[in-house]
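The structure appears below as structure tokens.
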Amino acid sequence: MTRHHPDSLSLMEYSAGNLSQPHALCIKLHLDQCPHCRSRVDTLDSLGAVMMDQQPKVSVSDTSFEQLLARIDSVPAEAAPAAKTPRLSPLQKLLGEDINQLPWKRQLGDVSVLDISDKFPEQNERVVLQKLVAGGKAPAHTHRGNETTIVLQGAFADQKGVFNQWDFVVLNEQDEHKPVAVGCEDCITLSVLSAPLKLTGTFTRMLNPFIR
Amino acid sequence: MTTLEQQKAKPEGRKDPWGPLLEKVGKTQDRAAYHALFEHFAPQIKYYAISNGLASHAEELVQEVFISIWRRSCLYDWRKAAASTWIFTIARNQRIDMLRKMKRSSAEMAIETEDLWQIPGDNEDEPVTSLHRLMSERRIRESLSLLPEEQITVIAKVYMEHKSHQMVADELEIPLGTVKSRVRLALNKLKVILQDQNV
Ligand SMILES: [Zn+2]
């Protein structure tokens, strides 16, 4: 059972539709497995509705509704959105059925990585998958900027606790840690690293929860 | 859903005047009901578009949202969201889509907006979990009226102007920490903060 949840502020930015796709993906993957946070987002969506209602209103053009009806009539019986058919999870859509079979690049010791930033061509964030082999250790490291991470498979532990599948973690420069993959599965995580507003140095290093 | 829950949920559901109209549209393509929804929500959505920086596309966004409402209304389930909440999520997704289309290069995305931002009720597997959803809009309205203006201002900027907490801080010339604490105080009242819930 997941125990590390996104904070309310992130969920609010999600509900408002203000997050980038990679960040939204991390939240969505968590929501799909966490009824508790889903209920928090429901409340936030209602907050959005109430905000919209309490703001000024702007009248639409006189012909607006007619145009709408004309459009509806011109596209007869368009198929309703297929909610009944099971959807692929966004993760499967992005990465296929088995994340263990991806073209992982062995990095250091127990750690493999795969940069999937190119799956999000509209964003300038780095999106990185990482795999720590079962029982493996990553070298101690800290983080630069904020890194949002969700555990996709297995679990890892550091001095802050155990992070299980679908747990949500945000790490920053204060967090020096030495993660260990616990359990009998390789631990796979998805991390999003926002480009800092002010870039001060070269920005080429692999930034992720395991290795810096 | 148990009978008991149904009995409890129903009166609350009826307090949402827009839900039944949306259901009429979904079940019988009722155009009078559709028009009533349009009269009420279109001006809100137009302002939403304008405040989000889409002034020159505001009518277009209204159209897209209402086309989507027409096509999806058969999926609307009042037990999963109040009508206005459901419509808000559609407006939000259409706004995200429109911004994406406007800046889209040749690159096609592997995932759609709706893979990332779900409309309540789209996922059939999701059980109707609680009365919480039905209560929440009324409760939010009540709680909001008690919040200080400075907290509402921050929330409005996040929801209506597509601004991150950092951008709100820059605009109001207050520290990011102050913005966050205002939001936290507000969300605490609205019972979104984790500790207030039965985890
Ligand atoms: Zn959660």
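Key figures
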| quantity | calculated |
| --- | --- |
| Pair list, Cβ < 8 Å and 6+ apart or interchain, from the range A:176-188 residues that are on the phi > 0 side of the Ramachandran plot and in the same structural domain as A:Asp110 (by TED's automatic domain parsing) to residues that are at pLDDT 90 or above and among the aliphatic types (A, V, I, L, M) | A:Gly183/A:Ala134; A:Gly183/A:Ala155 |
| Near pairs, Cβ below 8 angstrom, 6+ apart or cross-chain, from the range A:1-21 (within 12 Å of B:Val158 (Cβ to Cβ)) to any residue that is in a loop (DSSP other than H, G, I, E, B) and away from the ligand (no atom under 16 Å from the Cβ) | A:Glu13/B:Ser164; A:Tyr14/B:Trp117; A:Ala16/B:His162; A:Gly17/B:Trp117; A:Gly17/B:His162; A:Asn18/B:His162; A:Asn18/B:Lys163; A:Asn18/B:Ser164 |
| Complete set of residues in the range A:18-57 that are at the interface with another protein chain (Cβ under 7 Å from one of its Cβ atoms), within 16 Å of the ligand (Cβ to nearest atom) and either surrounded by fewer than 24 Cβ atoms within 10 Å (Cβ to Cβ) or not β-branched (Val, Ile, Thr) (or both) | A:Ala24, A:Leu25, A:Lys28, A:Pro35, A:His36, A:Ser39, A:Arg40, A:Asp42, A:Leu44, A:Asp45 |
| Within the range B:137-152, considering residues that are within 18 Å of the chain's Cα centre (by Cα) and surrounded by 14 or more Cβ atoms within 10 Å (Cβ to Cβ), the one modelled with the highest pLDDT | B:Ile152 |
| Condition met for B:Asp77 (within 29 Å of A:Leu91 (Cα to Cα) and either buried (at least 20 other Cβ atoms within 10 Å of the Cβ) or at pLDDT 85 or above (or both)) | yes |
| Condition check for A:Ser15: within 13 Å of the ligand (Cβ to nearest atom) and out of contact with any strand residue (DSSP E or B) (no Cβ under 7 Å at 6 or more places or on another chain) | no |
| Subset of the range A:66-85 (residues that are loosely packed, with under 10 Cβ neighbours inside 10 Å and at pLDDT 60 or above) | A:Asp73, A:Ser74, A:Pro76 |
| Residue check for A:Val192: out of contact with any Leu (no Cβ under 6 Å at 6 or more places or on another chain), crowded, with 22+ Cβ neighbours inside 10 Å, under 19 Å from A:Val113 (Cα atoms) and modelled with pLDDT of 70 or more | yes |
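The values are calculated or read from the model by the stated rules, or taken from the named source; none is laboratory data. What you are looking at is a predicted structure, and each value in this text was computed from that prediction instead of being measured. Note that we place each Cβ from the backbone using ideal geometry, even for glycine, and neighbour counts take in every protein chain shown.
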